[in-house]
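Student: There's a structure below that I have some questions on.
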Amino acid sequence: MAAVDGETSCSSWDSDDEYQKFIQKMNPPRVVIDNTSCKNATVVHVDSANKYGILLEVVQVLTELQLIVKKAYISSDGGWFMDVFNVTDQNGQKIMDESVLDEIVKYIHKCLGADSCFLPSRRRSVGVEPSSDYTLIELTGTDRPGLLSEVSAVLTNLECNVVNAEVWTHNKRAAAVMQVMDRETGLAISDTQRLARIKERLSYVFKGSNRSQDTKTTVTMGITHTERRLHQLMLEDRDYERYDKDRTNVNPTPVVSVVNWLDKDYSVVNIRCKDRPKLLFDTVCTLTDMQYVVFHGSVDSEGPEAYQEYYIRHIDGSPVNSEAERQRVIQCLEAAIERRVSEGLKLELSTGDRVGLLSDVTRIFRENGLTVTRAEVSTRGDKAVNTFYVRDAAGSSAVDLKTLEAIRQEIGQTVLQVKGHPDHRKSPPQESPSRFLFSSLFRPRSLYSLGLIRS
């Protein structure tokens, strides 16, 4: 019976987007908020017509709403999707504000409805939505010290202003998704020759001194879901392939197992690891990108550890069908969990935005022997709000205090804040002299980041 249900679902996933829109209009999603049945979490029930990728869409929406999933129960065997999520706010509290609850329901309906831009297809990866505001740049290649500094310098030299960006590194590989605009016009770059020149220069930088190593550079006009795309880029770049020695910095190591339940034609995935924000999104995103469908599942992250169990099949209706594929699923899930772990010392920068800001900041990091392992760059109005995770030349997150103070002295004591260093003490709230970094020159027009809804 389960095999028949799986075949029915897979046949519907083969349909084109217009048919899926029709099905969604006939069966709009139903969202119910329950604040009485659980004393320490708000319960969100989501029912919808089933389609490929629906679980990822729901989890992505909850992530964008900055909700923390404490428990989840997943069921999507057949033509209907029925999930229950126990969620809290960022402080671990139930959501009691009725206006906020109404916004949650409206946003889920908007994102899952027939007119939404989600509608993932088996035939493509995360799409690029056309935009006249931003030029989208995607980069993958081998990681090395100073790479972000070099990329930023090239973009500044090419008269590009980085408005939003995320950079991930894992297992000696690097991936970046950047939104840039022309320095003069404040709009996306449309000239094809200039776009080709940007792509050529960035490809040259990513290759470094080793011209034979694998790199990939894409430059287009549009926007995309950055974190989903980063997971795809890393997966395509096979960052999950490594030697055991590459995992020495991961502590504790996630425990992932995959076994086949032959009676029901499922493969059962079990994950146990330290809980952290966006963990559910990362694992579901990876399974979806590997073209596996979650038919049933449960999630429990109420304690310091998270437990996830998924009953999966490939989109062709089969369970994991070989030992090599079983190992690949395990390695890919481990990589998805680890991409946000052991990232280094956290540095937060907040200041007025200007062209070349990212290039100058990352150059100062490089000159002081720091390597950026992950970065989140955003522009809110005319203010730059950036987060960097850094390590020293030895690969340690315990960066020397003298080095940190030298960097803060050059950038600005109140502009750059150190988070999580055991020996760091807050500096007095006066601004230190800065050589040139935050002068009022080249302050851009009002720049508005691609913001997500805030609950």
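Residues checked against (1) within 30 Å of Glu184 (Cβ to Cβ); (2) modelled with pLDDT of 95 or more; (3) outside the structural domain of Arg272 (by the TED database):
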{"residue": "Tyr292", "(1), (2), (3)": "no, yes, no"}
{"residue": "Gly303", "(1), (2), (3)": "no, no, no"}
{"residue": "Tyr307", "(1), (2), (3)": "no, yes, no"}
{"residue": "Asp316", "(1), (2), (3)": "no, no, no"}
{"residue": "Val320", "(1), (2), (3)": "no, yes, no"}
{"residue": "Val329", "(1), (2), (3)": "no, yes, no"}
{"residue": "Asp353", "(1), (2), (3)": "yes, no, yes"}
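Let's see how each residue does on (1) among the polar types (S, T, N, Q); (2) modelled with pLDDT under 95; (3) open to solvent by 60 Å² or more (accessible area, probe 1.4 Å):
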| residue | (1), (2), (3) |
| --- | --- |
| Ser75 | yes, yes, no |
| Ser99 | yes, yes, yes |
| Glu103 | no, yes, yes |
| Cys111 | no, yes, no |
| Arg123 | no, yes, yes |
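Student: Which members of segment 191-221 meet the condition of being at pLDDT 85 or above and assigned to a loop (DSSP other than H, G, I, E, B)?
Tutor: Correct list: Asp191 only.
Student: Let me ask something additional. Criterion first (open to solvent by 20 Å² or more (accessible area, probe 1.4 Å) and modelled with pLDDT under 90) does Gly395 satisfy it?
Tutor: Yes: the conditions hold for Gly395.
Student: Let me ask you something else. How many residues does segment 354-377 hold that are closer than 19 Å to Thr226 by Cβ and in contact with an Asp or Glu (Cβ under 9 Å, 6 or more places away or on another chain)?
Tutor: Total meeting the criteria: 6.
Student: Ok, one more. Output the residues belonging to segment 41-67 that are open to solvent by 40 Å² or more (accessible area, probe 1.4 Å) and modelled with pLDDT of 95 or more.
Tutor: Residue satisfying the conditions is His45 alone.
Student: Please go through segment 239-259 and give me each residue that is surrounded by fewer than 16 Cβ atoms within 10 Å (Cβ to Cβ) and at pLDDT 95 or above, ordered by number.
Tutor: Of everything in segment 239-259, those that are surrounded by fewer than 16 Cβ atoms within 10 Å (Cβ to Cβ) and at pLDDT 95 or above turn out to be Val255, Ser257, Val259.
Student: Which residues, counting only those in segment 293-322, are of a type in the set (Phe, Trp, Tyr) and either crowded, with 20+ Cβ neighbours inside 10 Å or in a loop (DSSP other than H, G, I, E, B) (or both)?
Tutor: Phe295, Tyr310, Tyr311
Student: Just give me the residues in segment 167-198 being under 30 Å from Glu338 (Cβ atoms), in contact with a strand residue (DSSP E or B) (Cβ under 7 Å, 6 or more places away or on another chain) and not β-branched (Val, Ile, Thr), in sequence order.
Tutor: Across segment 167-198, the qualifying residues are Trp168, Lys172, Arg173, Ala174, Ala175, Ala176, Met178, Gln179.
Student: Let me ask another. Tell me which residues, restricted to segment 362-381, are under 24 Å from the mean Cα position of the chain (by Cα) and not in a helix (DSSP H, G or I).
Tutor: Leu370, Thr371, Val372, Thr373, Arg374, Ala375, Glu376, Val377, Ser378, Thr379, Arg380, Gly381
Student: Additional query: Of all the residues that make up segment 337-380, how many are touching a Gly at 6+ places or on another chain (Cβ under 7 Å) and crowded, with 23+ Cβ neighbours inside 10 Å?
Tutor: 1
Student: Restricted to segment 77-97, and to residues that are open to solvent by less than 70 Å² (accessible area, probe 1.4 Å) and of a type in the set (D, E, K, R), which residue is nearest to Gly317 (Cα to Cα)?
Tutor: Asp77
The values are calculated or read from the model by the stated rules, or taken from the named source; none is laboratory data. Remember, it's a predicted structure, so these values are computed and weren't measured experimentally. So basically every Cβ, Gly included, is an ideal-geometry build from the backbone, and we count neighbours across all protein chains shown. Areas reflect the complete protein model, heavy atoms only, side chains present, ligands, DNA and RNA absent. Shrake-Rupley method; radii C 1.70, N 1.55, O 1.52, S 1.80 Å.
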